């Protein structure tokens, strides 16, 4: 059962990888470095992205130790990331930058918004895992999803922020 669950998750993540690759490619193709650099904050985003990266460590510890505490820590760090994303969106909305504002807004909000939705889904999966007494098969399968979401977050941060500012 464990291997079937992981295989199913791996196949699902493969399709998600193609999906995110296309979104990142669209952002790169339509990217406007000047607009991006004028409106995004590297330092703030780096902090929240680091929280997401650290959540991979806490997820790994949750799998290794079968500890609910590490699952709670992973959920909390994912929540901090979503808070940071919401804060950035609010700041951009206050500057009248929206999804319908132009190519920057469309590609940025689509790419980061769908990633944020995946983080939220991961948090809900982790919460469901906690409610089911954190069975090893469930934790291991959800961990694959969480690691994927973190990896996509690192790719988005690298392309959207680092490539723009460095």
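Data table
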read-out	value
Residues of region 123-162 that turn out to be touching a helix residue (DSSP H, G or I) at 6+ places or on another chain (Cβ under 9 Å) and over 13 Å from residue 56 (Cβ atoms), as a count	23
Hey, residue 23 more than 13 Å from residue 104 (Cα to Cα), at pLDDT 95 or above and surrounded by 14 or more Cβ atoms within 10 Å (Cβ to Cβ) or not	no
Flag if residue 104 is modelled with pLDDT under 95 and either touching a strand residue (DSSP E or B) at 6+ places or on another chain (Cβ under 8 Å) or under 19 Å from residue 39 (Cα atoms) (or both)	yes
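Okay, residues lined up against (1) free of Cβ contacts under 8 Å to residues at least 60 places away in the same chain; (2) in contact with a helix residue (DSSP H, G or I) (Cβ under 7 Å, 6 or more places away or on another chain); (3) farther than 15 Å from residue 160 by Cβ; (4) surrounded by 15 or more Cβ atoms within 10 Å (Cβ to Cβ):
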site	(1), (2), (3), (4)
45	no, yes, no, yes
59	no, yes, yes, yes
64	yes, no, yes, no
76	yes, no, yes, no
80	yes, yes, yes, yes
89	yes, no, no, yes
92	yes, yes, no, yes
104	no, yes, no, yes
121	yes, no, yes, no
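The values are calculated or read from the model by the stated rules, or taken from the named source; none is laboratory data. Predicted model, so just to flag it, every value in this text is computed and none were measured. Positions of Cβ are backbone-derived with ideal geometry, glycine not excepted, and every protein chain shown enters the neighbour counts.
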